[in-house]
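Chemist: To start, I am sharing the structure in question, which I have written as structure tokens.
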Amino acid sequence: MGFLLTAEQHAFARSLDAMLAAADTPSLIRARSAGDPAPWRALWTRLAEAGVLALAVPEAYDGVGPLPVETVVAFEQAGRHAVPGPLAETVATAALLTGLAETGVEGPAKRFLPDLASGAAVATLWVDTDGGGVGPYAADADLADLVFGIHGDRLVLAAGVHDVRASADPGRRLALPGAGGEVLAAGPAVTAAVARARRWAALATAAQCLGVGRALLERTVAYTTQRTQFGVAVGSFQAVKHRLADVLIGLEFARPLVHGAAVTLGASDVAAAKVTAGEAAYAAARAALQLHGAIGYTEELDLSLWLRKARPLRDAWGTPAQCRAAVLAAETGG
């Protein structure tokens, strides 16, 4: 299958790249870690104004989608700039509510999707089943206005959160949803909609992995061309060149899989894209850490914000083992 981004999609990527570069996301992450989410919320509003939050929302609910390819384009830029917040969870929630609406359960979509698309409300999604997003904790629930939970075949709007704690990724926090809450829908329609939400979340996360991996590679190449040893740049050493080339090949191999999965939205295609992009980003993180030497371990270096994002993204919305199992099952009919 041949696939190339259109001129409009390339322009969309460039505009997001410029906006996010000016936003200084490392400062936003550190402000949020210090207890000040206001700068992050301002960026969330700008993302909504750019149409990013409306990409998975149908036009009937004030969105511009569903547009999975444009979602991949946007989320790769979000990963490249380490944008914090429940981005994949917002996409998953939009896909979930849209799926319910298509089966006749339209109330939650009408009630919540317009605010998600406009950025007026921040949402996160927690799946209380095996192989979910972030285990028993909801990502960024402390910042969310709406915390949706899937308990078996029930969609619940959680009543607050508790036990807020840090994540390995400094750009997000984890929290337990409160007990009880309003049941928005139940039954087989929820189960089918959750499967759709998982695919969208995994696709968005895979795109973020591409962006994170690209940022780590760019920063490492820049460092190895400046750092000298024995009077020459360490980037001139053959072993370093080979290591960086391996990272580049991994990312370039993953990109068409992610774009192809955006076209088909097939479960096995998304799983293959997710595991390939996740492993490529993790390999980029390992190379970046080692090739930066001792300074790669320091929190003061902005590089650490990308390093600590790669592993959680690799495992979110489908671990490598789960994705490989899904691909194998599709190939063998299991």
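The values are calculated or read from the model by the stated rules, or taken from the named source; none is laboratory data. Predicted, not measured: the structure shown is a model, and the values here were computed from it. Note that we place each Cβ from the backbone using ideal geometry, even for glycine, and neighbour counts take in every protein chain shown.
Chemist: Select from the stretch 74-119 the residues that are free of Cβ contacts under 8 Å to residues at least 60 places away in the same chain and small (Gly, Ala, Ser) and list them in ascending order.
Modeler: Listed by number, the residues that qualify are Ala101, Ala109.
Chemist: Can you name the residue in the stretch 107-144 that is at pLDDT below 95 and among the charged types (D, E, K, R) and, of all such residues, is farthest from Gly51 (Cα to Cα)?
Modeler: Asp130
Chemist: Run down Ala202, Ala195 and say which single residue is surrounded by 15 or more Cβ atoms within 10 Å (Cβ to Cβ) and either modelled with pLDDT of 90 or more or more than 20 Å from Ala88 (Cβ to Cβ) (or both). It would help to see each step written out before you state the result.
Modeler: Values: Ala195 fails: surrounded by 15 or more Cβ atoms within 10 Å (Cβ to Cβ).
Unique residue meeting the criteria: Ala202.
Chemist: Determine the pairs where a residue that is within 20 Å of Leu244 (Cβ to Cβ), located within the stretch 290-316, has a partner that is among the acidic types (Asp, Glu) with Cβ atoms under 7 Å apart, the partner being 6 or more residues away or on another chain.
Modeler: Final answer for the pair search is Lys309/Asp169; Arg314/Glu279.
Chemist: Right, another one. In contact (Cβ under 8 Å) with a residue 12 or more places away in the chain and over 30 Å from Phe148 (Cα atoms): which single residue out of Gly235, Gly211, Gly231 fits that description? If you could, list the steps in order and put the result at the bottom.
Modeler: Working: Gly211 fails: over 30 Å from Phe148 (Cα atoms); Gly231 fails: in contact (Cβ under 8 Å) with a residue 12 or more places away in the chain.
The match here is Gly235.
Chemist: What is the one condition in (1) closer than 30 Å to Gly65 by Cβ; (2) of a type outside the set (A, V, I, L, M); (3) buried (at least 21 other Cβ atoms within 10 Å of the Cβ) that His292 does not satisfy?
Modeler: (1)
Chemist: While we're on this one: Just to verify a result, which residue in the stretch 174-226, among those that are closer than 23 Å to Leu155 by Cβ and basic (Lys, Arg), is farthest from the chain's Cα centre (by Cα)?
Modeler: Going through the stretch 174-226, the residues closer than 23 Å to Leu155 by Cβ turn out to be 174-205.
Subset that is basic (Lys, Arg): 196, 198-199.
Numbers: Arg196: 16, Arg198: 12, Arg199: 12 Å.
Step by step, filter the stretch 174-226, then rank; the result is Arg196.
Chemist: Tally up the residues in the stretch 295-319 that are assigned to a helix (DSSP H, G or I) and buried (at least 16 other Cβ atoms within 10 Å of the Cβ), please.
Modeler: Our first condition is that a residue be assigned to a helix (DSSP H, G or I); within the stretch 295-319, this holds for 295-297, 303-315.
This time we only want the ones that are buried (at least 16 other Cβ atoms within 10 Å of the Cβ), so: 296, 303-315.
Adding up the residues that qualify gives 14.
Chemist: Still on this structure, please answer the following. Please determine whether any residue of the stretch 265-273 is within 14 Å of Cys209 (Cβ to Cβ), in contact (Cβ under 8 Å) with a residue 60 or more places away in the chain, in a helix (DSSP H, G or I) and small (Gly, Ala, Ser). Walk me through it before giving the result.
Modeler: Here is the first cut: in the stretch 265-273, the residues within 14 Å of Cys209 (Cβ to Cβ) are 270-273.
Keeping just the survivors that are in contact (Cβ under 8 Å) with a residue 60 or more places away in the chain gives 270-271, 273.
From what's left, in a helix (DSSP H, G or I): 270-271, 273.
Pick out the ones that are also small (Gly, Ala, Ser) and you get 271, 273.
Looking for residues that are within 14 Å of Cys209 (Cβ to Cβ), in contact (Cβ under 8 Å) with a residue 60 or more places away in the chain, in a helix (DSSP H, G or I) and small (Gly, Ala, Ser), one finds at least one in the stretch 265-273, hence yes.
Chemist: Another one. For residues that are touching a helix residue (DSSP H, G or I) at 6+ places or on another chain (Cβ under 7 Å) and surrounded by fewer than 23 Cβ atoms within 10 Å (Cβ to Cβ), tally how many sit in the stretch 48-65. Please lay out each step first, then the result.
Modeler: The initial filter retains those residues of the stretch 48-65 that are touching a helix residue (DSSP H, G or I) at 6+ places or on another chain (Cβ under 7 Å), namely 48, 50, 52-58, 61-65.
From what is left, the residues that are surrounded by fewer than 23 Cβ atoms within 10 Å (Cβ to Cβ) are 48, 50, 58, 61-65.
So the count comes out to 8.
Chemist: On to the next question. Can you find, within the stretch 1-47, the residue that is farthest from Ala78 (Cα to Cα) among those that are surrounded by fewer than 18 Cβ atoms within 10 Å (Cβ to Cβ) and β-branched (Val, Ile, Thr)?
Modeler: Thr6
Chemist: Condition check: surrounded by fewer than 17 Cβ atoms within 10 Å (Cβ to Cβ), under 29 Å from Ala56 (Cα atoms) and either out of contact with any Phe, Trp or Tyr (no Cβ under 6 Å at 6 or more places or on another chain) or at pLDDT below 95 (or both). Does Phe230 satisfy that? Please lay out each step first, then the result.
Modeler: Numbers: surrounded by fewer than 17 Cβ atoms within 10 Å (Cβ to Cβ): yes; under 29 Å from Ala56 (Cα atoms): no; either out of contact with any Phe, Trp or Tyr (no Cβ under 6 Å at 6 or more places or on another chain) or at pLDDT below 95 (or both): yes.
No, not satisfied.
The rows are residues; the columns are (1) surrounded by fewer than 21 Cβ atoms within 10 Å (Cβ to Cβ); (2) farther than 19 Å from Ala202 by Cβ; (3) of a type outside the set (Gly, Ala, Ser); (4) free of Cβ contacts under 8 Å to residues at least 12 places away in the same chain.
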position	(1), (2), (3), (4)
Ala139	no, no, no, no
Asp145	yes, yes, yes, no
Asp169	no, no, yes, no
Gly178	yes, yes, no, no
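Chemist: Looking only at the stretch 234-243, how many residues end up being modelled with pLDDT of 90 or more and closer than 19 Å to Leu303 by Cβ?
Modeler: Qualifying residue count, the stretch 234-243: 2.
Chemist: Continuing with this model, one more query. Take Ala222 and tell me if it is in a helix (DSSP H, G or I), surrounded by fewer than 18 Cβ atoms within 10 Å (Cβ to Cβ) and in contact (Cβ under 8 Å) with a residue 40 or more places away in the chain. Give the derivation first.
Modeler: Numbers: in a helix (DSSP H, G or I): yes; surrounded by fewer than 18 Cβ atoms within 10 Å (Cβ to Cβ): yes; in contact (Cβ under 8 Å) with a residue 40 or more places away in the chain: no.
The answer is no for Ala222.
Chemist: I'm trying to understand the selection: among the residues of the stretch 48-57, which are among the charged types (D, E, K, R) and under 15 Å from Gly79 (Cβ atoms)? Spell out the reasoning first.
Modeler: Start the filter on the stretch 48-57 by keeping residues that are among the charged types (D, E, K, R), which leaves 49.
Matches in the stretch 48-57: none.
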